[in-house]
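Here the structure comes first, spelled out in structure tokens, and everything after it is commentary.
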Amino acid sequence: MFEAKPYFEVNREERFFCFLLAHALLSSNSLKEKFANLIKSKFNFQLNPKNFEVYVEAAALRDYWRSLGDPKIYNSVIEQKRHDIIEMILNYYKLPITLIDESDFFWTAGPKRKLWSPGHWNEAAIKETELEELKKESLIHVKWAFNAKPDIMIISGSSVLMIEAKVESRERRKDKTKYQQQQIQKLISELLKLLVPQFHNSIFSNKMLKLKKSERNFSWQEIISLAIPSEMDEFTIKSFSAFKERYYKKDLITKNATKSNFI
């Protein structure tokens, strides 16, 4: 029989803690302010605590493509909008627009072909083209960007903070190219600035949230130290406290032991 513990004490799901952080930020004005101060002090990146939009697993490029129109219905006006988006991507990588009509991977099958979302492009077909290797890789990376879901995206006025959160897992790499998740996030930022009017003038920052803090990233310990004193609901406090107990208790014991060695 398992131990007689409530689930919040044993829950290890990364997505849950991302949801919990998003909930905490939206629920507490004081936490928003402290979080904005943390980001400012560590990364010199400005967030306005009075203007927070928090999205978990934000598939922005995918959703903007879908907003152009129903992919199951052929419509010449919608097709032109899709064509314009693909043209902008090709121009960004200095690729010829003629590639659209010359390459089947851009298109669905059937008598009335429609342009695929880049998230559906066939990687094997891209690799078979006569493009330079770097150009092929660029198109494949665009596909990954359209399918990617940064764990947390915070929009605060013209500032956009994208967070890749890790608890027990490591940063994943794509394929043999070793293209990292954070690199995909940076590409998402570039494509949003290019393709989406809302983000044309936005300033993006891409950070990792890990168990251990560093100069380039921030830690769950820093977040929890801000969250637990805030005006949170009981469940959120208990969940963050259980997280702290599980992952940082050893650190506390080690620090105390180290201090005692010098006494």
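The label point for Ile97 and the one for Ser158, both projected 7 Å from the Cα toward the Cβ, are 3.0 nm apart. Only loop residues by DSSP count here, and only those with at most 11 other Cβ atoms within 10 Å; note down the GluC sites (Glu not before Pro) in segment 90-145 that meet that. Hits after loop and neighbour filter: Glu130, Glu132. If you take all other residues with their beta carbon under 13 Å from the beta carbon of Trp65, and give Lys and Arg +1 and Asp and Glu -1, the sum is +2. Taking the alpha carbon gyration tensor of segment 62-147, multiplying each eigenvalue by 5 and rooting it gives semi-axes of 21, 14, 12 Å, largest first. Rounded to the nearest 5, the antiparallel percentage of DSSP beta bridges internal to the chain is 55%.
Overall size of the chain from C-alpha positions, given as principal axis extents largest first: 76, 43, 39 Å.
Net charge dipole, the chain: roughly 820 debye, given to the nearest 20, about the Cα centre with Cβ charges of +1 for Lys and Arg and -1 for Asp and Glu. The lysine pair tally for segment 1-79, using Cα distances under 27 Å and a gap of 8 or more places or different chains, is 7. The dipole here belongs to segment 106-158: it is taken about the Cα centre, uses +1 on the Cβ of Lys and Arg and -1 on the Cβ of Asp and Glu, and is about 380 debye. Determine the shape class of segment 47-190: with a ≥ b ≥ c the square roots of the Cα gyration tensor eigenvalues, call it rounded for a/c under 1.5, and otherwise prolate if a/b is greater than b/c, oblate otherwise. Judged from the Cα gyration tensor, segment 47-190 comes out oblate (a/c at least 1.5, b/c at or above a/b).
Throughout, read-outs are computed from the coordinates displayed, never taken from laboratory work. Just so it is clear, the structure is predicted and the values come from calculations on it, not from any experiment. When we count neighbours, we look across all protein chains shown, and the Cβ atoms used for this are built from the backbone with ideal geometry, even at glycine.
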